[in-house]
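Chemist: Sharing a structure with you now.
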Amino acid sequence: MSLTYELNQWKYEKKCLSTVEKLKENGFTAFYFPEKSHAVSYILENAKDACSIGVGGSMTIADLGVVNLLTDMGKTLFNHNQPGLTPEQKLDIMKNAMLSDVYLCSANAITTDGFIVNIDATGNRVAAMIFGPKKVILVVGRNKIVEGNIDEAVKRIKNWASPPNARRLNFKTPCKDTGFCSDCKSPDRICRVISIMERKPRLTDFHVLIVNEELGF
């Protein structure tokens, strides 16, 4: 392990820990984990007594491999990301996920002031984060921490998260091909609903897990 790697890890750890403290100040239950495996263990522990688990559209959650583990535990999963679903089936799953015992997803950006910023195409993910599930758990990699204000967080999402998401979902947007936001007028525009959480939603048990690894985009 090189000195460069160690110092970079140290710097990222400090940024993650500082962000966790700001999230706590804003009313969220927040934790720092050095590795994603610790986040998986936390999710499994918190899902122990849950009957239903909702899953938002999230490459971070997919990459954790936790969905299969929850299925093995016998949990009912509301996961609209499964292949082969009809539009009607997807919509039904999205609605059920909003009333699940535990809702899992990630965030597009978190500022170092502890503000959570997201952009959705449909709005089901941000809606479920705000109200409905008994418990919400966000898993967020260090790459999504923004050293700046909300405007910088939105810029980060539109330029770093939206293009690969549009490509993943095969949306017909300019950013799918160019890799850059052009504030398009496309019918498939992926940037439609912006949510900013300055404080924990009043009635939602909200947990944020900051991981010192690159997760999602």
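Chemist: How long are the three semi-axes of the equivalent ellipsoid for the chain, computed from the Cα gyration tensor as the root of 5 times each eigenvalue, in whole Å, largest first?
Modeler: 25, 23, 17
Chemist: Rounded to a whole number, what % of the accessible area of the stretch 5-126 do carbon and sulfur atoms account for, probe 1.4 Å?
Modeler: Solvent-exposed carbon and sulfur of the stretch 5-126 make up 52 percent of the total.
Chemist: When the Cα atoms of the stretch 89-206 are enclosed in a convex hull and the volume is divided per residue, what value in Å³ results?
Modeler: 102
Chemist: Also, I was wondering about something else. Between residue 35 and residue 92, what FRET efficiency comes out of the Förster formula 1/(1 + (r/R0)^6) with R0 = 35 Å and r the beta carbon distance, rounded to 0.05?
Modeler: E between residue 92 and residue 35, to the nearest 0.05, is 0.50.
Chemist: Let me check I've understood the local charge: for residue 211, count other residues with C-beta under 13 angstrom from its C-beta, Lys and Arg +1, Asp and Glu -1. What total comes out?
Modeler: -1
Chemist: As a test question: what accessible area, to the nearest 10 Å², does residue 184 have when a 1.4 Å probe is rolled over all protein chains in place?
Modeler: For residue 184, the solvent-accessible surface is approximately 30 Å².
Chemist: Something else now. Considering only the other residues whose Cβ falls under 15 Å of the Cβ of residue 99, what net charge follows from Lys and Arg at +1 and Asp and Glu at -1?
Modeler: Result for the local shell: +2.
Chemist: Grab the eigenvalues of the alpha-carbon gyration tensor for the stretch 25-146, scale each by 5, take roots, and send me the semi-axes largest first in whole angstrom.
Modeler: Rounded to whole Å, the semi-axes are 22, 17, 13.
Chemist: Count charges around residue 9 for me, please; just the other residues with Cβ under 13 Å from its Cβ, Lys/Arg as +1, Asp/Glu as -1.
Modeler: With Lys, Arg at +1 and Asp, Glu at -1, the neighbours total -1.
Chemist: Still on this model: Simple spin-label model, 7 Å along Cα-to-Cβ: residue 203 to residue 170 in nm?
Modeler: Reported label-point gap for residue 203 and residue 170 is 4.0 nm.
Chemist: Still on this model: Could you pull the accessible area for residue 188 with a 1.4 Å probe, rounded to 10 Å²?
Modeler: Its accessible surface works out to 50 Å², give or take rounding.
Chemist: When the Karplus curve 6.51 cos²θ - 1.76 cosθ + 1.60 is applied with θ = phi - 60°, which whole-Hz ³J(HN,Hα) does each residue of the stretch 97-112 get, with x for Gly and Pro?
Modeler: My calculation for the stretch 97-112 gives 4, 5, 10, 6, 5, 9, 10, 10, 6, 10, 10, 7, 7, 10, 7, 5 Hz in order.
Chemist: Any chance you could run the full-extension gain for residue 214 through residue 69? It's 0.36 nm times the residue separation minus the Cα-Cα distance, nm to one decimal.
Modeler: Difference between extended and current length: 50.0 nm.
Chemist: Still on this model: For the chain, what is the accessible area per residue in Å², given a 1.4 Å probe and the full set of protein chains?
Modeler: 51
Chemist: Ignoring any ligand, DNA or RNA, what whole percent of the accessible area of the stretch 170-217 comes from carbon and sulfur when the probe is 1.4 angstrom?
Modeler: Roughly 54 percent of what the probe reaches on the stretch 170-217 is carbon or sulfur.
Chemist: Further, regarding this structure: What is the magnitude of the charge dipole of the stretch 95-167 about its Cα centre, with +1 placed on the Cβ of each Lys and Arg, -1 on the Cβ of each Asp and Glu, and no other charges, expressed in debye to the nearest 20?
Modeler: Dipole of the stretch 95-167, to the nearest 20 debye: 260 debye.
Chemist: Can you tell me how much longer the chain between residue 10 and residue 194 gets when fully stretched, taken as 0.36 nm per residue apart minus their C-alpha distance, in nm with one decimal?
Modeler: Separation in residues times 0.36 nm, less the Cα-Cα distance, equals 63.0 nm.
Chemist: Output wanted: per-residue J couplings in Hz (rounded whole) for the stretch 181-197, from phi through Karplus 6.51 cos²θ - 1.76 cosθ + 1.60, θ = phi - 60°, x for Gly and Pro.
Modeler: 6, 10, 6, 6, 10, 4, x, 8, 2, 8, 9, 10, 10, 10, 10, 10, 9
Chemist: What number, rounded to the nearest 500 deg cm²/dmol, is the helix-based mean residue ellipticity at 222 nm of the chain, given -39500 (n - 2.57) per DSSP H run of at least four residues and division by all its residues?
Modeler: That comes out to -11000 deg cm²/dmol.
The values are calculated or read from the model by the stated rules, or taken from the named source; none is laboratory data. Every value quoted in this text rests on a predicted model; they were computed, and no experiment measured them. Glycine also receives a Cβ, built like all others from the backbone with ideal geometry; neighbour counts cover every protein chain displayed. The area values use the complete protein model at the heavy-atom level, side chains included, leaving out ligands, DNA and RNA. Shrake-Rupley method; radii C 1.70, N 1.55, O 1.52, S 1.80 Å.
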